[in-house]
Amino acid sequence: MTTGDDDRPSALGPPSRTQGAGAVRLPPLPEEQWDDRTREAVSHMLPRRLRNARGAGNGLSTLLRHPDLTQAFLAFNNHLLLRSTLPPRVRELAILRVAKRRECAYEWAQHVRLAAGLGLSEVQIEAAGRGEAADPFDREVLRAVDELDGGTGLSDGTWERLSKELDEKQLMDLIFTVGGYAMLAVAFNTFGTAPEEPDARPGDDATRASAAGVGRGSKPGHER
């Protein structure tokens, strides 16, 4: 984890990571090793034309070294990313904070793109990574991430303040989003998954961003 403002990279750069830095333990599955089972595992996430190493991007291509695990995990991950009751902006604020706390370069890079696509500015993205926000509700969301990722649950005060803005299902989705993306960050950090090259346009990023549905599931007046 980062230890102070002076150690933090800029918003659009990856978080620094010392454990296993530079060590690629599980590289993306090469195109020639993709088979019918591999493509089936991502069939509910990617259209047929993107069921290949370039279309899937580094993250999915790495996970696909274990197609059974990946297919099972993607059912959960698809809910968090595409069917969650959380407003997408709130979801991305939470994931950005998780990625920075977990120092996951791949997760950070992917969700900087998604957050920017939802209208968050570079300043807002950088602040979210630090756990800061101008909006009081956004601060509560980021505080919730810190409590969940730094401990084993939410304080009564944070739960009560979030409950003024989020309903029961949204609260549950927030908690599982933090836990799910913390787990994914651990995996990507351990495997040594590198962010996409600047000129790469992986299919999962474009597909997920277009499917995110801004404001879906938010309470009236809280479509941030």
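Scanning the range 142-174 for residues that are of a type in the set (A, V, I, L, M, F, W, C) and either crowded, with 17+ Cβ neighbours inside 10 Å or modelled with pLDDT under 95 (or both) gives LEU142, ALA144, VAL145, LEU148, LEU154, LEU162, LEU166, LEU171, LEU174. Scan the range 175-200 for residues that are assigned to a helix (DSSP H, G or I), surrounded by 18 or more Cβ atoms within 10 Å (Cβ to Cβ) and not aliphatic (A, V, I, L, M) and the total you get is 6. Output yes when any residue across the range 72-84 is more than 29 Å from ARG130 (Cβ to Cβ), touching a Leu at 6+ places or on another chain (Cβ under 9 Å), crowded, with 19+ Cβ neighbours inside 10 Å and not polar (S, T, N, Q), and no when none is. Taking every residue of the range 72-84 in turn, at least one turns out to be more than 29 Å from ARG130 (Cβ to Cβ), touching a Leu at 6+ places or on another chain (Cβ under 9 Å), crowded, with 19+ Cβ neighbours inside 10 Å and not polar (S, T, N, Q).
Residues in the range 166-190 that are of a type in the set (Val, Ile, Thr) and either over 15 Å from LEU81 (Cβ atoms) or free of Cβ contacts under 8 Å to residues at least 12 places away in the same chain (or both): ILE175, VAL186, THR190.
For the residues ARG143, ARG139, the requirement of being assigned to a helix (DSSP H, G or I) and touching a helix residue (DSSP H, G or I) at 6+ places or on another chain (Cβ under 7 Å) singles out ARG143.
In the range 104-121, what count of residues is obtained for those that are under 17 Å from PRO195 (Cβ atoms) and more than 12 Å from the chain's Cα centre (by Cα)?
Here the count works out to 2.
The values are calculated or read from the model by the stated rules, or taken from the named source; none is laboratory data. The structure presented is a predicted model; accordingly, all values stated were derived computationally and were not measured. Glycine also receives a Cβ, built like all others from the backbone with ideal geometry; neighbour counts cover every protein chain displayed.
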